[in-house]
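As structure tokens, the structure follows; a few thoughts come after it.
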Amino acid sequence: MRESPACHLVWLRNDLRLHDHPAIFEAAQKHVALEFVYVFDERLLAPTAWGFARIGWRRLSWLMSSIQELHLRLQQFGHTLYIAFGNPVSILSKRLTAGGVSHVFFNDEPGFEEQYDANQLKALASSWGISCSVFSGGDLFSFSEVSHLFGHKGQGFTPFRQKLELAGLVPTDPLSLPDLNLCSSSFSERIHGREGFLVDVERWQAHRKLSFDFEIYRDLPIDPRCDFSPEPGEVGGLNRLHDYLFGRRCIQTYKDTRNGMLGSVFSTRFSPWMAVGSLSTRLVWAESIRFEESYGRNDGSAWLRFELLWREYFRQISRHWGRRMFLPGGATSAPFPWTGRAGSPFEQWCRGKTGHQFIDAHMNELLSTGWMSNRGRQVVASYLVHQLKCDWRAGAAWFEHQLIDYDVASNYGNWTYLAGVGTDPRHNRVFNPDLQADRYDPLGAYRQKWSE
């Protein structure tokens, strides 16, 4: 068989979109053949120390649906998305040694494992004479722009934000959509026909290792109490962004409603799309400014950008911390202060059976929908750590298993913050669940809705 022309391979990770996608944008600039690959990481299905897989039913369904939507988007430009199952470095190494790839493009991801995978792939590609280009696709800033702000021991959020402002750093404008019609697809029977290697997304349900899990989780019933059913994929994320900002103009009251628990518009709910990269963080930032240019500055849009900076902080500090983010003492390296371990109290917390109605209501919503309000997350995390005296990492792992908007930096960063093992100087961050219920659910409507 004649060797196919060299192509550019785009490794897709938590960046399942075409808009504002630096790796795709740069890969498409020379108008050579493109190959799009997504590797489903088999580590997500392995049992954790806490007795459950890292990815659960609803999060898996959201991820799978988001991948499918990206495939349909790519088809519109004449391209195919290939799915592989296994270890990302192992799978991509096999592809690169098969020949035909001159350059690999991908976006950087926070998290110790993600960083390790990227470094391994770059080293292997270099040894084979294949170029690698890595971009900041999910961040407001590149790590090289902000790493000096953390110092040796890290930095709390407020000093980080203040240093950003002092340095005059602002996110760059989102990238335009590349003209993928000018780039041919690198579809090849040579790689398409190998079982367990690269599998066309339309055949992925037949894959012997993915089919069992996906067939169970793909059509999960929607709880009738659910206030919001997000539409997966890039189009769904863009629609939500436009509707929340420019359609209903909910952003104007966002600062006042953000601690709510009922309804579909008290919160932006952008996080499920941002977690899998179907919605660009830089685009959300830019659109909030565009809203102000049309309708005037307001507290809601300013607060949204403030929260995007929190997200950015956790993504960047996770790169700085590395493995420390997942240790019992977190970034502090202090002795672990809690004696409780995963067991009956932890299991009761997971199943919404602690006996505290406000806590159980939130945990029931999480079980039924894969989502929970930001206020709820803080309260239930504090309860697990400070009232039940359980290992904070068990709670973080349960959120990783359940949340459709899970991302490693925000999840583990927030848990270290609540557990008092992060960089925040206030180590005793305890939420009284009774006072929280009185303040944020004074009539008991939320508790009544999500009680069994």
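The values are calculated or read from the model by the stated rules, or taken from the named source; none is laboratory data. The model shown is predicted, which means the values in this text are computed figures rather than measured ones. With ideal geometry, Cβ positions are generated from the backbone for all residues, glycine too; neighbour counts draw on all protein chains shown.
Before we move on, is Asp139 closer than 21 Å to Glu234 by Cα, surrounded by fewer than 17 Cβ atoms within 10 Å (Cβ to Cβ), of a type outside the set (Ser, Thr, Tyr) and at pLDDT 95 or above?
no
Given the condition modelled with pLDDT of 95 or more and more than 30 Å from Ser229 (Cβ to Cβ), answer yes or no: does some residue in segment 417-426 qualify?
Taking every residue of segment 417-426 in turn, none turns out to be modelled with pLDDT of 95 or more and more than 30 Å from Ser229 (Cβ to Cβ).
Which condition number in (1) over 26 Å from Thr257 (Cα atoms); (2) out of contact with any Leu (no Cβ under 6 Å at 6 or more places or on another chain); (3) in contact (Cβ under 8 Å) with a residue 24 or more places away in the chain is the one that Gly355 fails?
Result: Gly355 fails condition (3) only.
Would you list the helices (runs of 4 or more DSSP H) that sit entirely within segment 86-190 and hold 3 or more residues that are over 23 Å from the mean Cα position of the chain (by Cα) and touching a residue at least 60 places away in the same chain (Cβ under 8 Å)?
88-97
Does at least one position in segment 40-58 carry a residue that is of a type outside the set (S, T, N, Q), at pLDDT 90 or above, in contact with a Gly (Cβ under 7 Å, 6 or more places away or on another chain) and surrounded by 22 or more Cβ atoms within 10 Å (Cβ to Cβ)?
Looking through segment 40-58, none of the residues is of a type outside the set (S, T, N, Q), at pLDDT 90 or above, in contact with a Gly (Cβ under 7 Å, 6 or more places away or on another chain) and surrounded by 22 or more Cβ atoms within 10 Å (Cβ to Cβ).
Quick check on my filter: what residues within segment 308-338 are part of a helix (DSSP H, G or I) and either without any contact (Cβ under 8 Å) to a residue 24 or more places away in the chain or of a type in the set (Gly, Ala, Ser) (or both)?
Selection gives Ser318, Gly322, Arg324, Gly330, Ala331.
Hey, does segment 426-444 have a residue that's among the aromatic types (Phe, Trp, Tyr) and buried (at least 21 other Cβ atoms within 10 Å of the Cβ)?
no
Exactly one of (1) surrounded by 22 or more Cβ atoms within 10 Å (Cβ to Cβ); (2) farther than 30 Å from Glu231 by Cα; (3) at pLDDT 95 or above is unmet by Arg315. Its number?
Arg315 satisfies all of (1) surrounded by 22 or more Cβ atoms within 10 Å (Cβ to Cβ); (2) farther than 30 Å from Glu231 by Cα; (3) at pLDDT 95 or above except (2).
Considering Gly100, Gly129, which residue is loosely packed, with under 14 Cβ neighbours inside 10 Å, of a type outside the set (Asp, Glu) and more than 14 Å from Leu12 (Cα to Cα)?
Every option except Gly129 fails the conditions.
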